[in-house]
Amino acid sequence: MIHPHDKGTLLVIRVKPRSKRQAIRLDKETICQVHVKAPPIHGRANAEVQNLVAKHLEISPTKVKILSGKKAANKTLLIEGMDPEAVRSALTR
């Protein structure tokens, strides 16, 4: 779910679009779930995922890149410039 990368951290997530509220759920044994209000149309949900993750990590949305899964519920994000422990602690607050 959270792995080191030479440019920062890889974060594997499962996106739940069209949710009633925005939220990030991080369990130790399962994939990180990101709930967004936007529908998965024209990249709206992806943009909301990037903004929500960046907000929780207190970084710029440009530091959150979708490496794989742009059209799928399961995605791999690259969090540039943050180590895995910093990402884990920021998401569990």
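The values are calculated or read from the model by the stated rules, or taken from the named source; none is laboratory data. No experiment lies behind these values; they were computed from the predicted model shown. In this analysis, Cβ positions are derived from the backbone assuming ideal geometry, glycine residues included, and neighbour counts consider all displayed protein chains.
Details
- Any hit, segment 67-89, residues being closer than 17 Å to L10 by Cβ, touching a Gly at 6+ places or on another chain (Cβ under 7 Å), among the small types (G, A, S) and not in a strand (DSSP E or B): yes
- Here G81 meets each of (1) touching a strand residue (DSSP E or B) at 6+ places or on another chain (Cβ under 6 Å); (2) at pLDDT below 95; (3) surrounded by fewer than 14 Cβ atoms within 10 Å (Cβ to Cβ) with one exception, condition (2).
- Residue count for segment 9-27, restricted to those that are out of contact with any helix residue (DSSP H, G or I) (no Cβ under 8 Å at 6 or more places or on another chain) and touching a residue at least 40 places away in the same chain (Cβ under 8 Å): 4.
- Take the conditions (1) surrounded by fewer than 16 Cβ atoms within 10 Å (Cβ to Cβ); (2) within 21 Å of R93 (Cβ to Cβ); K37 misses just one of them, which is (2).
- Which listed residue is in contact with a strand residue (DSSP E or B) (Cβ under 8 Å, 6 or more places away or on another chain) and modelled with pLDDT under 95, from L67, L91, L57: L91
- Which listed residue is at negative phi and under 13 Å from the mean Cα position of the chain (by Cα), from P40, P61, P4: P61
- Residue in segment 7-37 that is nearest to the chain's Cα centre (by Cα), counting only those that are among the basic types (K, R) and part of a strand (DSSP E or B): R14
- Residue tally, condition surrounded by fewer than 16 Cβ atoms within 10 Å (Cβ to Cβ) and assigned to a helix (DSSP H, G or I), over segment 40-50: 2
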